[in-house]
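One structure below.
The values are calculated or read from the model by the stated rules, or taken from the named source; none is laboratory data. Fair warning: this is a prediction, and the values are worked out from it, not measured in the lab. Every residue, glycine among them, receives a Cβ derived from its backbone with ideal geometry; neighbour counts consider all protein chains shown.
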Amino acid sequence: PLFHGVTMSEKKIIAVIGATGAQGGSLARAILEDTESPFAVRAITRNASSEKAQALAGLGAEVVEADLDDQSSLEGAFSGAHGAFCVTNFWEHFSPAKEQAQVRNLAQAAKSAGVSHVIWSTLEDTRKWVPLDDDRMPTLQNEFKVPHFDGKGASDAFFQEAGVPTTNLLTSFYWDNLIHFGMGPQRGEDGSLAFNLPMGEKKLPGIAAADIGRAAYGVFRGGKEFIGKTVGIAGEHLTGAEMADTLSSALGEPVHYNAVPFDVYRGLGFDGADDLGNMFQFKHDFEDYFCEARPIEATRQLNPSLQGFKEWAEANRDRLSIDPA
């Protein structure tokens, strides 16, 4: 009998790195939730028996183990795949050198497996805007301004050099950071809520993590039109004050925006505070460029169900885990 869409065997395999993480997980789900998708998901993870990996298997993904530090394991994981979504997790090790070695492994594995379309989730090399001898922000680890950006941006060349058909995907600040990384509203000693963000009066492009995967799915569906291009995505560009207003209405109590000075943020003492302080300063100082590189309308064309911040905040009200007054 004929049925809608294509049979599993006709579906093109998309190999998804970081399939149990925010970006890869959202792409895997976007494909698996589309019953008429031309693609099948190969979820690549270090541990196929993890709860998250098993949940993807339950949704119909093929789960394959591989390690970003082992190129041959990646070659096996990419074998026979039409597309590959490549992402790295700097925050696991805080080492741009390790991150760059992993990206080189990904590029070489995609090349040797003959992958037809890679999406590489990257970010700007901020040193093109703020050279190392520019002292408006400190140089970190001797050779970076924003290590978790610069290592990725410098790695774009690995895919080009390997001759792999690639789309560079420029992501934005995940609003989900307000849930998972203590970046959400904090209750002060006076009992009021403050939203602390070192963005001054400038706009911060942001996006729901789920929408990153849906946009990447749109890029894979668009195929050739996006190869060789850089695609920036965002759900909305908002000032800290605008975000605080939205959080106030979602939480049902006033949230005050506190524009933390960059130096204060860099000195907060948690792992990566200096990196993030420099990142926010980069986004602040180059607001026009950074926002223009992440157009909302183009993101919506890739992902028609794109959420705005208000929609996201209301849907995630209970996950923002604010201490009661």
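For the stretch 297-308, a tally of residues being surrounded by fewer than 19 Cβ atoms within 10 Å (Cβ to Cβ), out of contact with any Leu (no Cβ under 7 Å at 6 or more places or on another chain) and assigned to a helix (DSSP H, G or I) returns 3. Counting the residues of the stretch 105-129 that are within 18 Å of the chain's Cα centre (by Cα), hydrophobic (A, V, I, L, M, F, W, C) and either buried (at least 24 other Cβ atoms within 10 Å of the Cβ) or modelled with pLDDT under 95 (or both) gives 4.
Of everything in the stretch 26-43 that's touching a residue at least 40 places away in the same chain (Cβ under 8 Å) and touching a strand residue (DSSP E or B) at 6+ places or on another chain (Cβ under 8 Å), which residue is surrounded by the fewest Cβ atoms within 10 Å (Cβ to Cβ)? Checked the stretch 26-43; the qualifying residue surrounded by the fewest Cβ atoms within 10 Å (Cβ to Cβ) is 38. For the stretch 56-100, enumerate the residues that are in contact with a helix residue (DSSP H, G or I) (Cβ under 6 Å, 6 or more places away or on another chain) and either assigned to a helix (DSSP H, G or I) or modelled with pLDDT under 95 (or both). Result: 56, 71, 74, 75, 78, 90, 96, 99, 100.
For the stretch 90-104, the criterion of being buried (at least 18 other Cβ atoms within 10 Å of the Cβ), touching a Ser or Thr at 6+ places or on another chain (Cβ under 7 Å) and touching a residue at least 60 places away in the same chain (Cβ under 8 Å) is met by no residue. Figure legend. Inter-residue proximity from the stretch 162-173: first residues surrounded by fewer than 21 Cβ atoms within 10 Å (Cβ to Cβ), second residues among the charged types (D, E, K, R) and not in a helix (DSSP H, G or I), beta-carbon distance below 8 Å, spacing 6+ or different chains. Indicated pairs: 170/124; 170/294. Selection of the stretch 223-245 for residues being acidic (Asp, Glu) and within 20 Å of residue 204 (Cβ to Cβ) yields 236, 242, 245.
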